[in-house]
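None of the figures in this text is laboratory data; all of them are computed from the coordinates on show. Nothing here was measured: the structure is a model prediction, and the numbers come from that model. A quick note on method: Cβ atoms are made from the backbone with ideal geometry, for glycine too, and the neighbour counts reach across all protein chains shown.
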Amino acid sequence: MRHTFVALVEDKPGVLNRVVSVFRRRLFNIESLTVSHTHQPGISRITIVVDSDKTEVERIIPYMHKLINVIQVEDLTHEPCVSRDLAMIKVSAPPETRSAILQLVEVFRARVVDVANDSLIIEITGDKEKIDGLVEVLQPYGIIELVRTGIIAMERGIPRLLNKTYENQGVKLPIEYKMVS
Amino acid sequence: MKVTGAEIFWRCLEYQKVKVVFGYPGGTTLPIYDALVESPVHHVLTRHEQGAAHMADGYARASGAVGVALATSGPGATNLITGITNAQMDSVPVVFITGQVVSPLIGYDAFQETDVTGITLPITKHNYLITDPHDIAPAIKEAFFIAASGRPGPVLVDISKDAQMAEIEWEYDDSPVQIPGYRPDLSPLPADLQAAVETIQSARRPVILAGHGILISGAMLEVLEFAERTQTPVACTLLGIGAFPGSHPLSLGMPGMHGEAWVNQTIQEADLVLAFGMRFDDRVTGNLKQFAPKARKIHIDIDPSEINKNVPVDIALVGDLKETLQKLLPALKPARHDEWLDTIQSWKGDSAVRDIQNLPDNGHLYAAHVINDLWRETQGEALVVSDVGQNQMWAAQYYRHEKPFTYFTSGGLGTMGFGLPAAIGVKFARPEEEVWAIAGDGGFQMTQAELSTLAQEKMKINIAILNNGYLGMVRQWQEFFYDKRYSATPMVGPDFVKIAEAHGLTGIRVTRREDVVSAIRQAREIPGTVLIDFHVEKEDSVYPMVPSGAAIDKMIRRPVPQAQGK
């Protein structure tokens, strides 16, 4: 089963390395990983998806919390949340198949973001299954390149999980701190 | 005022009340060493960076303060690795400082460059790479805070040479450290405390597993009160030795692989295991599936990641042990477990006859005799620092400790070579007290270069080498599990008496049992460091022993004919 973890971490060099090391050391395989800034200066957000058949998922939160730079970690797997993946698919599209491909793009509510003589780049956003679906139907036309961002996830409504621990500690956001390293 | 990064470094150490630093200079720490001349901090020049790391480790364990070790970049830094890992495994607060090549050269494979923050990432509690002199003071302050708070551990600060040399306007900022994701101050939930009280109160056959956390938290009195009020017997783990007085009627001894048989039996029969500041190491639990099968388990630990890691527990109280016990104690009613304590007493009976000390003298010198005599001669008051292997287990079994912070050893990592340098660190922490380093002939040779450090510092410690001409613990495993094929374990050592003398120290050789006491007395009287080379029984084993992977009550016991004398 896929598990989605979301972590808020300090935005400093090497923090991603520390987080990934938690998985590497224990031979846990990461299915997807995204890192980006948040609206709060100095804080980055990481989404990690792992397969619970190959990972002791219940150990991940305690191990991640051991890291000094990790501010908060939550398992969103069983929470109501929106998760999205973005893919760009470059597909072979000579004149004879182009219209069929464009129809598929329409059906999947994807977008064409680049048109070349014999190929198209299709952009699609959605959950993992939707993207897998489009990839599958495009396969026969000849996929030239494929890139996916990996899953990002967000709890629906007012977040109950993330940020809660902060308040319990009496720490106010956004936290501004000096970058040491 | 304009100061250099190197001067800032030493000033920061002074603010942290650092009195002694163990280190070894090199190219990238030259500015720091130059500024040392003006600093009141005492620097101990070791003979190898591993020695510096273990000394800082021993110093931290014996003093309760943060230890500091200093090394240059490249090989200096990599030589620290074993010592850093050792501190990490045993939760010892040590700040490691390494020099780094000038920042424009970082990443270019410069001379003596190594990615030390990368290398030490998994073996430190945290680490820093500093290339800006303004960052030195905040990093040092955070490093000391992180090392000493919560579950202690090593923190490494790698400082580039240009940051050490740069001059900046600087004043010390003594505002408290704020790290948003770091929570060393967790405390248990009231509901869990209440559940714990009810569980403790309903127990019939309770046992306390007393770990290193008791010493780190300073919860000795609380544990004593807990044990006495609830009449619960206490088993101190290897690193928990001293957390509970060894002569107390409720004291059981050490559990685990080389624990006493009755201790392991107590755990296996208990209906409640109270784990106080211990982490269910595999050397304590043996086979996890068969560990304490009849017991409910209450685990008190400050590190949430230890909860349910090895042993699933019924109640977890995450927080400082002393504070947690202070919350529990007022709710606990006095209890009696006479029947349970009598049963445990009856298990002791059988084990005592197998103990080598209680058997007729067969003329051989056993390591157990040495430790036992040392214990008697020092009235159990010495600070004992053991190396790793058979010597460590015998020291743990036969030297009984009444007081906390009197036994120091490398537990989690099991680092041979730890004993001598750690003993030097212990002596620096508690110069008024008698320090004995106990080592095997193998482990001693790993770091014996530190004898020069001892001589240079004109220190007085005593060293007992239990010399059996083997890597004894490995030989023992080969005897039991590899059909006595002694592969690479016989070891020809040097003349340790001459080694001592070559360093201007006193060396004594003991080969007969009757000479043990007089040698110990001599060593205690001589003002300088004395090394005693005890030639002990060559193929003796540590008993009892739980084979790796077996349940802890499946022990190999000392064969009776051997024990009774040949």
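Quick notes on this structure:
- Inter-label distance, nm, simple model (7 Å from Cα along the C-beta direction), A:VAL82/A:ARG111: 1.5
- Contact order relative to length of chain A, as percent, for alpha carbon pairs under 8 angstrom and 6 or more apart: 26
- Panel note: the C-alpha atoms of the protein assembly as shown, placed on their principal axes, show extents of 100, 65, 55 Å (largest first).
- With a Förster radius of 45 Å applied to the C-beta separation of B:GLU514 and B:HIS42, the computed FRET efficiency comes to 0.60.
- Net charge of Cβ neighbours under 11 Å - reference B:THR199; Lys, Arg +1; Asp, Glu -1: -2
- When the C-alpha to C-alpha distance is required to be over 19 Å, the pairs from B:LYS348/B:LYS554; A:LYS66/B:LYS309; B:LYS19/B:LYS322; B:LYS289/B:LYS484; B:LYS289/B:LYS554; A:LYS12/A:LYS54 that qualify are B:LYS19/B:LYS322; B:LYS289/B:LYS484; A:LYS12/A:LYS54.
- As a proxy for reagent exposure, A:CYS81, B:CYS236 were ordered by neighbouring Cβ count within 10 angstrom, fewest first; the result is A:CYS81, B:CYS236.
- Tensor-based shape of segment B:388-534 (alpha-carbon gyration tensor, a/c under 1.5 rounded, otherwise prolate or oblate): prolate
- Extension gain for B:ILE526-B:SER202 works out to 111.1 nm (0.36 nm per residue, less the C-alpha to C-alpha distance).
- Distances between placed amide hydrogens fall under 5 Å for B:PHE408 paired with B:VAL384, B:VAL385, B:SER386, all partners being 5 or more residues away or on another chain.
- In this simple spin-label approximation, B:SER175 and A:ASP127 carry label points 7 Å from Cα along the Cα→Cβ vector, and these lie 4.5 nm apart.
- 3J(HN,Hα) couplings calculated from phi for segment B:265-276 with the Karplus curve 6.51 cos²θ - 1.76 cosθ + 1.60 (θ = phi - 60°) are, in sequence order, 5, 4, 5, 5, 9, 5, 9, 8, 9, 9, 8, 9 Hz; Gly and Pro show x.
- Environment charge at B:VAL3 (Cβ cut-off 12 Å; Lys +1, Arg +1, Asp -1, Glu -1): -3
- Taking amide H as placed 1.01 Å from N in the peptide plane, B:GLY74 has its amide H under 5 Å from the amide H of B:THR114, each at least 5 places away in sequence or on another chain.
- Under the criterion of Cα pairs below 8 Å and six or more residues apart, the relative contact order for segment A:82-148 equals 50 percent.
- For segment A:96-110, putting each phi into the Karplus relation 6.51 cos²θ - 1.76 cosθ + 1.60 with θ = phi - 60° gives couplings of 6, 10, 3, 5, 5, 5, 4, 5, 4, 4, 4, 4, 8, 6, 8 Hz, in residue order, rounded to whole numbers and with x for Gly and Pro.
- Note on segment B:394-413 and segment A:49-117: Cα centroid distance 54 Å, given to the nearest whole angstrom.
- Each part reduced to its alpha carbon centroid, segment B:465-501 and segment B:145-169 end up 41 Å apart.
- Least to most buried among B:ASP109, B:ASP373, B:ASP533 (fewest other Cβ within 10 Å first): B:ASP109, B:ASP373, B:ASP533
- Cβ-based exposure ranking for B:LYS427, B:LYS333, B:LYS403, in which fewest neighbours within 10 Å come first: B:LYS333, B:LYS403, B:LYS427
- Interchain or long-range residues, amide H under 5 Å from B:LEU531's placed H: B:ILE463, B:THR506, B:GLY507, B:ILE508
- Relative contact order %, segment B:356-542, counting alpha carbon pairs below 8 Å whose residues are six or more apart: 25
- Near A:ILE101, once Lys and Arg are set to +1 and Asp and Glu to -1 for all other residues with Cβ below 12 Å from its Cβ, the sum equals -1.
- For segment B:232-245, 3J(HN,Hα) computed residue by residue from phi via the Karplus equation (6.51, -1.76, 1.60; θ = phi - 60°) reads 10, x, 10, 10, 8, 5, 3, 7, x, 4, x, 5, 9, x Hz, glycine and proline entered as x.
- Alpha carbon centroid spacing (whole Å) that separates segment B:57-87 from segment B:101-116: 21
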